[in-house]
Amino acid sequence: MDEVVSATVYRAIAIQPSEVSPRFDVIVLIETTTPDTIAAVRAVPELQRLGADFVMPARNIRRLGDIDRAPSGTFLFNHFTSDDPDRASRYFDSVAGWFSHDAEVDDIALLGPLDAAPYVFVNQVRLPGTLAEFIRALLRPNFRHAVYRKMRANQIGFASIVCKPLP
């Protein structure tokens, strides 16, 4: 199909317990040539047969580097909730530097929904090392100050799914 640039299937290896947690054990990320082609891609019978519990047509609204999609990687999908999408975007912009500097993340794609959705955006991150190394970065005191407190102050919720791509 000419409208599809890439399609990747991810298997969840860890789901953060949270009141807003999605419970997806599989994530299929389909990149299309433009947002206008999403409807045609969604209508493909093979995709319909997947019987997805949740579909969120989205566009890339922010990007830090290009996502390395090598199959050996570990990927994080954070699902953000907020009653104010603009405030959530400002929050994301204010903390993105922590992730690149302190967690050594060099690629983030922030995907904003094109239609009504329970999430104001989902970000995709390829973890720079192991999951354990990334978790250690999140346990540093500066994460609580630079990221977590701002998130709470801005009334932003999030839930994470850690995934591995399937071959």
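Some points to look at:
- Built amide H within the under 5 Å cut-off of ILE13, gap 5+: VAL162, CYS163, LYS164
- Taking a ≥ b ≥ c as the square roots of the eigenvalues of the Cα gyration tensor, the stretch 44-141 is oblate, since a/c reaches 1.5 or more and a/b is not larger than b/c.
- Point-charge dipole on Cβ atoms (K/R +1, D/E -1) for the chain, about Cα centre, debye to 20: 600
- Total charge dipole magnitude, the stretch 76-167, about the Cα centre, Cβ charges on Lys, Arg, Asp, Glu only, Debye to nearest 20: 380
- Point-to-point label distance, ASN142-ASP53, nm (Cα→Cβ direction, 7 Å offset): 3.7
- Rounded to the nearest 500, the 222 nm mean residue ellipticity of the chain from helices alone is -6000 deg cm²/dmol, with -39,500 (n - 2.57) taken per DSSP H run of at least 4 residues.
- Where a label projected 7 Å from the Cα of ASP93 along Cα→Cβ would reach, residues of the stretch 134-149 with amide N under 15 Å: none
Every number in this text was worked out from the coordinates using simple rules, so none of it is lab data. Just so you know, these numbers come straight off a predicted model, no measurement behind them. A quick note on method: Cβ atoms are made from the backbone with ideal geometry, for glycine too, and the neighbour counts reach across all protein chains shown.
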